Structures are given as structure tokens and as C-alpha cells.
Amino acid sequence: MARPSRDRTAGARLLAVATLTLALAACGSQLEPGDVSTAGGTTAVDGTVPGAGGAVPGATVPGTDPGAPVVPGTDPGTTTPGGSTGGTGATGADAGGGTEGGSAGTGENAPTGTTEAGSCEGFDNDQTGVTADTITIANASDISGPVPGIFESAQLGTRAFAAYFNSTEELCGHKLEVLALDSRADAGSDQQAYQRACDESFASVGSQSAFDFGGAGTAQACGLPDLRAYSLSTDRTNCTTCYAAYGVRPGQVPNAMPQYWVKQEPDAVEHVAMLYVNAGAAPENASAFRKAWEANGWNVDIFQGIDVSEFNYAPYVQQMKDAGIEFVNYIGPYQFTVKLQQAMAQQGFTPKVFLQDATIYDAAYVEQAGELGNGVYAYAQTNLFDDFSIAEMKLYRAWLDQVSPGAEPNIYGVYAWSAARLFVEEATKLGGKLTRKTLLAALAQVRDWTANGMHVPQDVGAKTTANCASIIQLDGGTWSKVSPGEFLCGSMSNLGS
């Protein structure tokens, strides 16, 4: 498959959820695979991670190490950029020998939930990615690239659920193995990763790539079920074999969040600045949000893109001060959020509201922002990560720590775990009838999926944008929910694609 051109894809991607701009904003260039910088500042072309003690099993650069091993549920003792060093001392089926160090759930939180398992009679071991005792699922996420480790959490979330499942269960006598691939924040690498997934795995699960349009055609052409953490692009949404735990319908923008602020801060929304990182699909995305939010009563005085290479944020802050801005909405990665907030603090500019999507609901942002983060708001499509009244969230946190001790949760990890659970539950129902085609047919029927309360209801099969979110606020390093109820839900603005 030919690598998608920049011109073809520029008009093809309109993101419907601000959360998605982190990927496209932070990775605004399409780099050749050999030019992707790793965390250590050196170029990796052999699948190794400088400073991580050599090669990371399974987490190879697509096309550079075709013989790389799979990661059976866990990957002990290694790290990828942005991850944590350490391990559990268990691999393969050994990762499923018990729940020591992890946690076990019952009822809907059991590894297969309350799913009634289908008969295993007739199970076909002669399928791609299937052996007599294993089923390989691939995960192609951005591990290296312009922002190293940007979506490592999605790979860890997938591995965490695989480890949880393997700890007590089998799928018709099969354990899960995870083929970890690096899509490197690049369309070409995403395509290469999906070619390997087509050839070596039964399905792809929990993937997260900034330029996910790169592998969309490849997945569809080989009939690969691709149950992603997030779906980012129009191409991926339109892929007939691609679904997501967090899907989007480009052009659909939820109204509940902007309507909340009209009621909460009616004066502030009269003077809004929307700033966005000028890269990838972020400009198109920001334009869609502006239309939807102005239709809901916001008045956007400043609508301004900021280049990725920009280091001086002072002029943008001065522009906001001169315009009397009271509400700042930033669309971009949290690394740039901190730069903007630093410039605001230096010039003594304190708007009534600073709002961003859930890309800042991340421990790394809290650490980097420090006191500058106090009082900021975000809108999130997950429940709070430390809400252990939600048993599924507690399980995710426990098994994340099992596969990568010290790793912090984030939205991409939550939705990757969610995707892995959905895969297991649907595959379990099918039993001996499990094939790529029957799995795809089952996924097309999934509605109101919440992964046992971890996130807002998602119509996975319909591939529509979720219409719910909550408003959370950071205070003293701790996030808390400030909007009423579990989530704010409402109508959608339909802007076309």
C-alpha cells in the first residue's frame, strides 16, 4: 500500500473530540522511520531504546526486526520511552498462573465479565495469529517519535488486561499474547505496523496512533479486526474492519460541555480565546469546535493557531490581555499547555477559566505544571482514575502496576484496557465460532459500552461520537469532579465531515 500523501490526508481528517488533538498536535510531522528520535535523543533503527538496557521485547520498529518476539501479557524488566523500569518476573502463561501482585474481579469485573461462553466445539487453530494454545493480538501505538512514549499507555493498558485475563482464564484453551508494535507517530510506520499485524496476529486491540489513517487501508484490505483505544481520523472511522472503544464520527461535536459553561460562567464565555497548536488536523478540529461552541452561546474573540516550533508565547498572552479575555480554551498537548501557562504567569494574566480537554488529566502534566496547574479545568470522558468505588478502575490500576510498576494511568490506557475487555468478552461469546469475520459482525452490534463504568457510554458499532463528559478541576495536585452527576450528556452539533 502506498504511503498516504500529506495533501490527500490534510483534508480527510476532522477530529470530533478535543482529546484527540494531543496526538495530531504533538506529532505534526510525518517522519521517515529512520529519523524518529527516541527518548535518549539518538536515532533508533534497530528496535532498541537507548538507556533502557537494550531491545524491548516485542516493542520493535515496524519493518526493522521482523523476527521480534511477542509479549505474552507482560514485558518484565524493560521500559519504553516514558515508561517505568521493572517487572513482574513472569512471562507467557506464567503471567497467568495466578493473581499474585495483581487483583482479581468477580461478576461483571471477572476477566470475561458475565459473558456466557460459547461452545468451543469446532474452534479453528489454523487461523492467522492462532496456535494450538495461543491467540496473538497486536497493539500498534506511538512509542517513539517526536514525543517519545506519547501513547505507550495504550500499549500498557492492552498488556495489562491480557495479563489479567491470562491470570485465571483461557479462551477455548488459548492464552493471549500481545504483539507490541511501534507506529512511531508516522503514517508510513502505522501502515508497516498493520502489515505485520495482518500477517502475525488474529486481531489488533487497543492501538493508539497519531496518524492512524496510515494503516486503515491495510487493516481493511486483510480483513483484520482493529478494535482501537481511540479512532482519530476519518480514514480509520470509515475503515470497515476498524472499531474503537472511543470512536468518533468526524463532524459531530457534543454540546453538553459548552452549555455547562454558559450556565456556570455566563460573563466569561462572552470573551473567549481559543488557542490551538497549528499542526496536523488541529486547525480543522479547532474550527469545528469554534462553530459548535459559538452556536451554544460562546463568543470567541480570539481564534489563534500557534506553531509547534514557537517558543515565545508572550505575544499571544499580550493579545489576550489587550482583548480582555476571561476564558481561555487551549487545544494541544500538555507540554505546550505548560509553556502557555508559564507565559501567562510571567505577564500576570489570570483569566476566570482555563479549560482544556483530558490530555492534561495526566500525572506528567501535574508534575510539569506545578502550581501553574492549580485551578485549571478539563473535560473528561472517563471517570476519575482514583475512584476505586469503580471496581474496573481498581483492576486497571492494579494490573497496570503489575506489567509496568509505577506507570501512571491516563485516558489512553483506560480506553485500551476497555478495548481489550471488549475483545475478550465478544470472543468468549463466540467460542468455537470465533473468526475474524464473526468477531467483526459482533463488534458492529455493540452499543452503550462503558467497560463496567470506566468511561462514558460508547456506541462502538455505530462509530458515533460520545455525547457525554464531566468537568474536572485540578487543585493542589489532585483532580476532582465539579460538574453535577456522573456525566453531562446532551445533544450533538452535526457539522458534516
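The values are calculated or read from the model by the stated rules, or taken from the named source; none is laboratory data. Only a predicted model underlies this, so the values are computations on that prediction, with no experimental measurement involved. In this analysis, Cβ positions are derived from the backbone assuming ideal geometry, glycine residues included, and neighbour counts consider all displayed protein chains.
If you check PHE303, PHE289 for being of a type in the set (Phe, Trp, Tyr) and either in contact (Cβ under 8 Å) with a residue 40 or more places away in the chain or more than 18 Å from GLY332 (Cα to Cα) (or both), only one passes: PHE289. Any residue in region 233-246 that is β-branched (Val, Ile, Thr) sitting within a Cβ distance under 7 Å of a residue that is buried (at least 24 other Cβ atoms within 10 Å of the Cβ) and outside any loop (DSSP other than H, G, I, E, B)? List the pairs, counting only those 6 or more apart or interchain. Final answer for the pair search is THR241/ALA219; THR241/ASP226. In region 310-317, the condition of being out of contact with any Gly (no Cβ under 9 Å at 6 or more places or on another chain), at pLDDT 95 or above, part of a loop (DSSP other than H, G, I, E, B) and closer than 30 Å to SER141 by Cβ is met by at least one residue.
Examine region 137-149 for a residue that is in a helix (DSSP H, G or I), of a type in the set (A, V, I, L, M, F, W, C) and in contact with an Asp or Glu (Cβ under 6 Å, 6 or more places away or on another chain), and state whether such a residue exists. No, there is no match, as no residue in region 137-149 is in a helix (DSSP H, G or I), of a type in the set (A, V, I, L, M, F, W, C) and in contact with an Asp or Glu (Cβ under 6 Å, 6 or more places away or on another chain). Candidates are the residues of region 144-186 that are buried (at least 24 other Cβ atoms within 10 Å of the Cβ) and charged (D, E, K, R); the one that is modelled with the lowest pLDDT is ASP186. Could you tell me whether PRO266 is in the same structural domain as PHE354 (by TED's automatic domain parsing), surrounded by fewer than 24 Cβ atoms within 10 Å (Cβ to Cβ) and in contact with a strand residue (DSSP E or B) (Cβ under 9 Å, 6 or more places away or on another chain)? So PRO266 does not fit the description; no. Elements of the type strands (runs of 3 or more DSSP E) sitting completely within region 159-273 and holding at least 3 residues that are within 25 Å of PRO111 (Cβ to Cβ): these cover 175-182, 203-205, 226-230, 242-246. Residues that are in a strand (DSSP E or B) and not aromatic (Phe, Trp, Tyr) within region 274-289 comprise MET274, LEU275, VAL277, listed in sequence order. In the set (1) modelled with pLDDT of 95 or more; (2) closer than 30 Å to ALA185 by Cα; (3) not hydroxyl-bearing (Ser, Thr, Tyr), the condition left unmet by PHE289 is number (1).
If you go through region 120-161 and pick out every residue that is closer than 18 Å to GLU426 by Cβ, out of contact with any Ser or Thr (no Cβ under 8 Å at 6 or more places or on another chain) and hydrophobic (A, V, I, L, M, F, W, C), you end up with 4.
Just checking, does region 450-462 include any residue being in the same structural domain as THR115 (by TED's automatic domain parsing) and in a loop (DSSP other than H, G, I, E, B)? Checked region 450-462: no residue is in the same structural domain as THR115 (by TED's automatic domain parsing) and in a loop (DSSP other than H, G, I, E, B).
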